[in-house]
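All remarks here apply to the structure that follows.
The values are calculated or read from the model by the stated rules, or taken from the named source; none is laboratory data. The structure displayed is predicted, hence computed values, not measured ones. No Cβ is skipped: glycine too gets one built from the backbone with ideal geometry, and neighbour counts run over all protein chains shown. Just so you know, the surface numbers come from the protein's heavy atoms only, side chains and all, with ligands and any DNA or RNA stripped out. Shrake-Rupley method; radii C 1.70, N 1.55, O 1.52, S 1.80 Å.
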Amino acid sequence: MELGQFFAFAGIAVATLFAGIGSAVGTSLAGQAAAGVVTEDPDKFGQTLVLQALPGTQGIYGLIIGVIMMSQLGVFGANIPDLSVQQGLMYLAAGCPIGIVGLISGIYQGKAAVASIGIIAKQPGQLGKAIIFPAIVETYAILSLIVSLLMTLGIGV
Amino acid sequence: MAQMNVNPTRMELTRLKGQLATAVRGHDLMKDKRDELMRRFMDLIKKNKELREKVEVELTEALHSVLLARAVMSKEMLEEAVMYPTRRMDINIEMVNLMSVEVPSIQYKEDGSADVSMYPYGFANTSGELDSAIARLHEILPDMLELAQVEKTCQRLADEIERTRRRVNALEYIMIPQLEETIRYITMKLDENERSTLTRLMKVKEMLQERNL
Amino acid sequence: MPVDFTYAVGRTRVLETRLLDKDRIERMIAAANADEALRVLAETAYGPIASQINADEYEIMLNARLKETYELVRHISPTPAVADILALKYDFHNLKVLLKDRYLKQYDDDILVKLGTVDIEKLKSYMQEDDFKGMPDVLRDAIIEAQAAFEVSRDPQDIDMALDKAHYEAVYAIADDMHSDFVKELFRRQADMINIRTFVRVKAMGKDSRFLAKALLPGGYLDEAFFIELVDQTLGALIERLRFTHYDGLVDGIAEFERTERLTAYEKLMDDELLSYIRDNRSDPFGPAAIIGYLWALENETRIVRIIMVGKINHMPSDAIRQRVREVY
């Protein structure tokens with residue numbers, strides 16, 4: 001395998017790996033808090049589940065970028081086209097925004113979701129407001145998703 | 001008025017007259033004693049009332065403080081705070097004679113070295129309300145002891161006054177009238193006897209004169 | 001990585017909603033008598049016990065509620081330290097009782113409290129056999145120190161004071177291990193507030209600065225020198241000095257003491273200020289603040305219920321009770 005291809009794969013890995021870790025940590029944090037609330041008050045399962053799921057999106061964004069890159073590279077086909085080192089590095093660069101921002105925003109969104117679960121614990125009627133706080137964090141994951149997406153499409157093979 | 005069941009003899013009369021004299025003198029003495037007891041009793045009652053009012057006011061205050069301390073501290077912590085008292089009161093009760101009445105006299109001595117604080121607890125987990133409760137209770141203890149003494153004395157005196165009054169009454173309304181009645185009865189009886197003896201003698205004398213004629 | 005309290009915080013958030021609220025407390029205060037006040041608690045967490053006891057047995061109910069909550073918090077927390085830091089006061093209470101028992105040669109077991117970190121049966125056997133090896137270090141050191149102090153002076157107050165000091169040292173040690181600024185600050189503030197109260201009380205008793213130094217707790221922001229300097233001055237001077245500290249909110253209580261010679265107002269302010277400090281910091285969803293806050297709030301709540309029940313049983317007027325009742329969490 002040539003170095004160009006290696007870098008392109010590294011780009012896919014960065015996008016899915018770090019965004020996935022971010023989501024895993026985020027949902028786990030929110031999940032612990034949600035479990036705490038549901039232990040005392042099982043009726044709040046639905047509401048807390050929504051909040052727990054919020055930090056899960058980063059992982060999905062990472063996956064989207066990864067899949068798009070893979071389809072561009074024709075990973076699913078019989079053979080992988082040759083890539084120059086420069087092209088490979090461009091894939092790596094394109095994977096970075098969603099990878100890094102996904103990691104960090106996933107964790108922090110998780111924390112915001114935990115705090116919002118605290119709201120739900122006390123004021124079950126405020127789900128709408130409680131969702132907004134972690135959702136703001138989501139914005140930045142989406143922005144990086146867009147950038148990663150445009151970069152990936154811009155490379156062209 | 002009932003009279004006593006006695007033989008109307010001269011000896012009995014002398015005895016009863018003696019008794020009457022004693023009863024009358026006793027009655028006067030008893031009356032004096034009763035008056036004196038009453039006077040002292042009135043003084044004590046006044047003192048008792050003052051003390052009782054004072055103690056009641058202070059005790060209410062002190063118990064109010066205890067109550068407040070109780071409200072802000074748990075039962076266990078409050079009891080721990082006061083479980084080891086640093087002051088001891090040695091109380092000694094003696095009986096003294098007041099107008100032939102045995103009344104108590106309470107002597108007390110506070111025991112405990114002066115450099116050991118009166119408050120036997122630490123300050124971190126106790127309420128400030130406890131301090132004032134302890135201080136107040138400590139303050140009124142001498143008054144309470146005095147009150148106990150005065151109150152008991154009053155009780156004893158009241159008993160004694162009652163007894164004396166009954167005696168005075170007994171003497172005045174039963175004993176003396178009875179004696180007087182009996183004396184009068186014996187005197188009358190004796191007089192009658194005398195008269196009948198006289199009559200008999202006169203009669204005998206008359207009969208003798210008739211026989212001599 | 002610091003200990004993660006996320007799950008426990010989630011649970012306490014719900015538990016917090018089951019604390020008594022202002023309305024219910026107001027209804028208790030307004031109740032016609034003690035029985036009725038107790039009945040107000042029927043639909044609360046106190047309900048199961050409240051329905052089985054007489055009004056004058058409220059202590060049973062409060063103890064049961066505390067015990068249940070301490071157990072729950074220990075169960076849901078990743079570390080027992082959050083409960084221990086508040087439960088230590090019961091251990092030290094038990095030590096005081098047992099130590100005094102020993103010197104008085106009597107056994108008042110019924111005033112031991114079962115909420116401490118060490119089981120009271122164990123504590124008793126340590127004390128009876130005079131073998132402190134199995135005891136936690138802090139308790140062992142404390143008891144040896146208290147014994148030494150008492151043997152010199154024969155003053156039971158020295159037992160309490162030595163143990164109180166050791167208690168706060170132990171609390172700071174746990175707080176340091178927790179790496180939580182909030183917890184450290186909380187107990188340092190509490191020590192300060194208690195020290196201010198101690199200062200006022202010692203002054204009222206007419207004791208000297210040597211005695212004051214013995215009575216003060218360690219570790220507060222206001223150090224010993226601060227108080228010693230003020231011993232010979234009026235309470236007004238203390239008030240002036242406190243105006244520039246965190247304890248500005250307490251000066252009314254001291255002024256009230258100057259007028260009435262009662263610390264009722266100060267003690268209420270003290271409890272309220274600490275509770276409001278906790279309330280300001282309880283939003284941290286990952287740290288121990290919310291859990292300690294919840295336990296603290298529950299203890300505060302038992303104090304409120306106690307004040308009301310004592311007041312009702314003794315026919316205190318509602319207003320007098322209301323004046324003394326603490327804020328709610």
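Taking a straight Cα-Cα cut-off under 25 Å and skipping sequence neighbours fewer than 8 places away in the same chain, the lysines within cross-link reach of B:K189 are B:K17, B:K203, B:K205. Let me know the shape class of region C:92-222, please: from the alpha-carbon gyration tensor, a ≥ b ≥ c as square roots of the eigenvalues, rounded when a/c is under 1.5, otherwise prolate if a/b is greater than b/c, or oblate. Note, shape of region C:92-222 comes out oblate.
As a fraction of the 1.4 Å probe accessible area of region B:10-205, surface on carbon and sulfur atoms comes out at 56 percent. Calculated on the alpha-carbon coordinates, the convex hull of region B:125-171 measures out at 58 cubic angstrom per residue. At q = 0.06, 0.08, 0.09 Å⁻¹, what is the log10 ratio I(q)/I(0) for the protein assembly as shown, with the Debye formula run over Cα points and no solvent? The calculated log intensity ratios at q = 0.06, 0.08, 0.09 Å⁻¹ are -0.58, -0.81, -0.93. Each Lys and Arg contributes +1 and each Asp and Glu -1, all at the Cβ; summed about the Cα centre of chain A, the dipole is approximately 320 debye. C:D272 sits with roughly 20 Å² accessible to a 1.4 Å probe, with DNA, RNA and ligands left out of the calculation. In units of the compact-protein estimate 2.2 N^0.38 Å, chain A shows a Cα radius of gyration of 1.22. Straight-line cross-link reach from B:K152 at under 16 Å between alpha-carbon atoms covers these lysines, not counting any fewer than eight positions away in the same chain: B:K46, B:K47, B:K49.
Under the rule a/c < 1.5 gives rounded, and otherwise a/b versus b/c splits prolate from oblate, where does chain C land using the Cα gyration tensor? It is rounded, given that a/c, with a ≥ b ≥ c, falls under 1.5. Largest accessible area first, the listed residues C:I313, C:I174 line up as C:I313, C:I174 when surface is computed with a 1.4 Å probe on the assembled protein chains. Its Cα centre serving as origin, chain C has a Cβ charge dipole (Lys and Arg +1, Asp and Glu -1) of approximately 500 debye. Using the 1.4 Å probe convention, the accessible area of region A:19-65 works out to 37 Å² per residue with neighbouring protein chains retained. Note on B:I45 and C:D56: their simple-model spin labels are 3.5 nm apart, each label 7 Å out from Cα toward Cβ.
Please compute the per residue accessible area over region B:10-205 with all protein chains in place, 1.4 Å probe, rounded to a whole number of Å².
Numbers: 11430 Å² over 196 residues.
I get 58 Å² per residue for this part.
Under 23 Å from the Cα of C:K203, which lysines turn up, not counting those fewer than eight places away in the same chain? By straight Cα distance, C:K203 reaches C:K165, C:K214, C:K268. Shielding value for B:77-89 is 4, the average number of Cβ atoms from other chains within 10 Å of each residue's Cβ. Counting only other chain Cβ atoms within 10 Å of each residue's Cβ, the peptide C:281-293 averages 2.
Accessible surface for C:M193 stands near 0 Å², nearest 10, in the context of the full protein assembly shown (1.4 Å probe).
Among the listed pairs A:K129/C:K89; B:K109/C:K124; C:K67/C:K133, those with a Cα-Cα distance over 31 Å are A:K129/C:K89; B:K109/C:K124. Loop-located chymotrypsin sites (Phe, Trp or Tyr not before Pro) in region C:31-82 (DSSP state not H, G, I, E or B) with no more than 11 neighbouring Cβ atoms inside 10 Å do not occur. Using the Cα centre of region B:10-205 as origin and beta-carbon charges of +1 (Lys, Arg) and -1 (Asp, Glu), tell me which of B:F41, B:C154, B:L171 is placed farthest towards the positive end of the dipole. Among B:F41, B:C154, B:L171, the one farthest towards the positive end of the dipole of region B:10-205 is B:L171.
Computed about its Cα centre, the charge dipole of the protein assembly as shown is approximately 2640 debye, with only Lys, Arg, Asp and Glu carrying charge at their Cβ. When accessible surface is computed with a 1.4 Å probe, chains B and C are found to bury approximately 3500 Å² between them, both chains counted.
Each listed q (0.11, 0.23, 0.26 Å⁻¹) maps to a log10 I(q)/I(0) for region A:9-97 from the Debye sum over equal C-alpha point scatterers, namely -0.44, -1.01, -1.15.
Hey, got the average number of other protein chain Cβ atoms within 10 angstrom for residues in C:13-19?
Values: counts 13, 12, 6, 4, 6, 2, 0.
Taking all residues of C:13-19 together, the mean is 6.
Just check region B:10-205 against the gyration tensor rule for me: Cα atoms, a ≥ b ≥ c as the square roots of the eigenvalues, rounded for a/c under 1.5, and otherwise prolate or oblate depending on whether a/b exceeds b/c. It comes out prolate by the Cα gyration axes. For the peptides C:241-247, B:118-124, A:111-117, the ranking by packing is A:111-117, B:118-124, C:241-247, with the highest mean count of neighbouring Cβ atoms within 10 Å listed first.
Using only DSSP helix segments of four residues or longer, with each worth -39500 (n - 2.57), what per-residue ellipticity at 222 nm results for the protein assembly as shown after dividing by its residue count and rounding to 500? Walk me through the intermediate numbers first.
Numbers: 26 runs with 512 residues, N = 699.
Only helices count here, giving -25000 deg cm²/dmol.
Loop-located GluC sites (Glu not before Pro) in region C:254-307 (DSSP state other than H, G, I, E, B) with a sparse environment of at most 16 neighbouring Cβ atoms within 10 Å: C:E261. With N as its number of residues, region B:130-213 has a Cα radius of gyration that, divided by 2.2 N^0.38 Å, comes to 2.95.
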